[in-house]
Amino acid sequence: MTQTREALQQRTLGVVMASQVFSGAGLAAGVTVGALLAEQMLGASSLSGLPGALYTAGSAATALLVGRLSQRLGRRAGLVAGYAAGALGGFGVVVAAAVDSVVLLMLSLLVYGAGTATNLQARYAGADLADAGRRGRAVSSVLVATTVGAIVGPNLVAATGRVAERFGIPALAGPFALAGLAYAIAGLILFALLRPDPLRVSRTLEPPATEAVPARRFSGGVIAGAATMILTQLVMVAVMTMTPVHMRAHGHDLAATGLVIAAHIAAMYLPSPITGILVDRVGRMPVAVGAGVTLLAAGLVAAAAPEDSVLLVALALGLLGLGWNLGLVAGTALITDAVPLASRARTQGAVDLCVALAGAGGGLASGLVMAATSYAALSMLGGVLGLAVIPFVVTRGRRPVPA
């Protein structure tokens, strides 16, 4: 049975990782230009944080729905439905830009956020069949697969923009066409190949005694994991959303912006194998604390970076992505350890809902904060908020991992 479980785990990881390559491109392409497209269509930089808020709000609703659908029908059904919605939203943004409809743009961005939620929910599929001592590495394997598409996506911004202009569509809508196509392919891969369903199989392999453990016994781990992911998501979205606007205001072109965002997203996913090993061997709590410290460093570098320095902005965004990565892998492991299979997918969806809502708030507030103060002030505030991870983890994360 152990060999069968291990073989199924390796096959599941392979399928999910293949889909993540495409979904990473879908996630990154739209994120790179969303704020710029809104600024262009709305004519106000103070509202440029609205796309981040909208697709993060869409991500929030989808996280809950995908979690509940996965709980009832399995991971495959939940993830496929989420990617289908993300693809629809991406193509909707293209149509909205073509007809210059702000209302359709807002609705499409909301739906587009489904892809973001599903991209993150896929990490749980990688951990369903993993042993407790290897959950960090399983989650990290799924995240690192996203790196390939996440790096390619932003660097195709200029090329997809030129293609869009040939069809009479604004250049900034081009990346959303790529996003829609990428999400559709990711969904098709899972629909065809994610068989048997890892969550359903894990239920048949889990000892009955584990299923009977009350969820409240592990509430400390859930709170610590959720707080870690919520705070890191809020800070990451707020600073990342305003970086393209900040760069454009100081004369940087789309190629430079794409390079910085590519560095940021690479740092979000590429360190995942090392993060997974640290989470499994050093512990969930020390890595979560490291996330808060790294976010503070990111805020300090971004605030101090000269306006004409692409290199230092890229460094700051790299640290921002790394802090997010540390928080996500550690937080995911804390929650997966703490919740029994009987309610695992539903709880994971609920936590991701809170994470996405935090990101939506960060995206919406970021434009207002930057308009009222500066990019440097926004970055510093984000760094300070990142440190708030530490007290949550220290006071709530000491519950034992269930056997």
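Bear in mind that the values in this text are calculations on the coordinates, not laboratory data. Every value quoted in this text rests on a predicted model; they were computed, and no experiment measured them. Positions of Cβ are backbone-derived with ideal geometry, glycine not excepted, and every protein chain shown enters the neighbour counts.
Of 282, 142, 94, the residue with the greatest mean-square motion in the GNM of the chain, using alpha carbon springs below 10 Å, is 282. Only helices enter the 222 nm calculation for the chain: every DSSP H run of n ≥ 4 contributes -39,500 (n - 2.57), and dividing by all residues gives -28500 deg cm²/dmol, rounded to 500. When the Gaussian network model of the chain links Cα atoms closer than 10 Å, the mean-square fluctuations of 376, 173, 63 top out at 376.
Taking 8 Å as the Cα distance limit and 6 or more residues as the minimum spacing, I'd like the relative contact order of the chain as a percentage. After rounding, I find 27 percent. Extension gain for the segment residue 7 to residue 394, taken as residue separation times 0.36 nm less the Cα-Cα distance, is 135.7 nm to one decimal.
Taking the chain as the reference, fit the longest principal axis to its C-alpha atoms, fit the long axis of helix 219-249 to the helix C-alpha atoms, and give the angle between the two in degrees, 0 to 90, nearest 10. Here the helix axis deviates by roughly 20 degrees. Placing R0 at 30 angstrom, the Cβ-Cβ distance between residue 203 and residue 163 gives a FRET efficiency of 0.05 after rounding to 0.05. What percentage of all Cα-Cα pairs in the chain are separated by more than 28 Å? The calculated P(r) of the chain puts 40 percent of pairs beyond 28 Å.
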